Amino acid sequence: MRKHTYIGFSLIVFMIFAISATAQTPAGGETSEQKDGLKSAPTNKLQYMHGRLSYRKKVPEGFERGREDWWLTYNRDGSRTMRTLAMTDDSKFVRDVIYTIDANGRPLRIYDQIQVDNQLVGSGYFQVTGDTMTVVTDGIDTGHTVQEIPVPERFHVMTHAVMLDGWPAWAYQGDELGTQTISTYSTSPTWNGTTGPLGYMIKQHPTFLGTEEITVPAGTFQTRHYSWGDPDPERALHVWVTGEHNILVQYNTPASAMVYVLESLTVEPQTD
């Protein structure tokens, strides 16, 4: 019974995802390589953009071991929805995430599914209502679980989708340089998120290091640079995000063999 419920739950969510993606994808569009980040969408306008993040090894330079396609809608009510599809060639890892935040950047709804090779590792749905987040997960190691977790006004859900590793910036208050503490629900204890998505609350300590202009395959961008994790800057996680939507431009840990760079970015025309 648990197996049938698990498969049925995943199938229903992905049917909704497929219908939503078809309805919201306009034709045409232009590739953006501007220096000033993404343009702001006017009130009551729908803005849509999409692109690809490249997972690259530093040695040999530029060797791609995976990629993450993403689609973002800036909705008419001010909320934002990011959809990501990540996959690696060597470890045969596939992750699907749908992540919606409100106009203030607070998580609202999230769906997360992980598959490794020919095995579905787990799936989960996260719903925030007031100061409570309901987490419903099914996993090969944990079975079916339901959590009711108190959450603060500002927090983040770490799905381990790399494009969304820039979204802790929503929980960072203000633009002053320095370190803050934010509450985060981590969906996996592993560095690459290959388990879960049943997780737990942790504390993260992002540091805002300032603004920088950086160039990646998608173009040159004005970015905000954050780091967190290890106090050693060589082992800390560094992310560069751009624009009002906190689009990830680059993710790098200096001591790591990997770097993640924005390979393409297309901003579609706004619609009423």
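The table that follows gives values for the structure above.
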| quantity | calculated |
| --- | --- |
| Matching entry among Ile247, Ile214 (being at pLDDT 95 or above and over 19 Å from the mean Cα position of the chain (by Cα)) | Ile214 |
| Filter pass, Asp175 being assigned to a strand (DSSP E or B) and either more than 17 Å from Tyr99 (Cβ to Cβ) or touching a Cys at 6+ places or on another chain (Cβ under 8 Å) (or both) | no |
| Checklist (1) acidic (Asp, Glu); (2) outside any strand (DSSP E or B); (3) touching a Ser or Thr at 6+ places or on another chain (Cβ under 8 Å) applied to Glu153, failing item | (3) |
| Subset of segment 63-109 [surrounded by fewer than 14 Cβ atoms within 10 Å (Cβ to Cβ) and either among the acidic types (Asp, Glu) or touching a strand residue (DSSP E or B) at 6+ places or on another chain (Cβ under 6 Å) (or both)] | Phe63, Glu64, Asp77, Asp89, Asp90 |
| Residue match in segment 156-175 (condition: more than 30 Å from Thr223 (Cβ to Cβ) and either touching a residue at least 40 places away in the same chain (Cβ under 8 Å) or of a type outside the set (Gly, Ala, Ser) (or both)) | no |
| Single residue of segment 171-190 satisfying the filter (at pLDDT 90 or above and among the hydroxyl-bearing types (Ser, Thr, Tyr)) that is farthest from the chain's Cα centre (by Cα) | Thr179 |
| Among (1) assigned to a loop (DSSP other than H, G, I, E, B); (2) surrounded by fewer than 12 Cβ atoms within 10 Å (Cβ to Cβ) - the single one Val146 does not satisfy | (1) |
| Unique residue being buried (at least 19 other Cβ atoms within 10 Å of the Cβ), among the polar types (S, T, N, Q) and either in a strand (DSSP E or B) or in contact with a Pro (Cβ under 9 Å, 6 or more places away or on another chain) (or both) when the list is Ser183, Ser188 | Ser188 |
| Residues (surrounded by 15 or more Cβ atoms within 10 Å (Cβ to Cβ), in contact with a Pro (Cβ under 7 Å, 6 or more places away or on another chain) and in a loop (DSSP other than H, G, I, E, B)) located in segment 201-235 | Pro206 |
| Residue among Thr253, Thr184 that alone is among the hydroxyl-bearing types (Ser, Thr, Tyr), within 30 Å of Ser123 (Cβ to Cβ), without any contact (Cβ under 8 Å) to a residue 40 or more places away in the chain and touching an Asp or Glu at 6+ places or on another chain (Cβ under 9 Å) | Thr253 |
| Residue list for segment 54-77, restricted to those being farther than 17 Å from Pro269 by Cα and free of Cβ contacts under 8 Å to residues at least 40 places away in the same chain | Pro60, Glu61, Gly62, Phe63, Glu64, Gly66, Asp69, Asp77 |
| Members of segment 120-134 found to be under 11 Å from Pro152 (Cα atoms) and assigned to a strand (DSSP E or B), listed by number | Val128, Thr132, Met133 |
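The values are calculated or read from the model by the stated rules, or taken from the named source; none is laboratory data. Since the structure is predicted, the reported quantities are computational estimates derived from the model, not experimental observations. Positions of Cβ are generated from backbone atoms using ideal geometry, with glycine treated the same way; all protein chains shown enter the neighbour counts.
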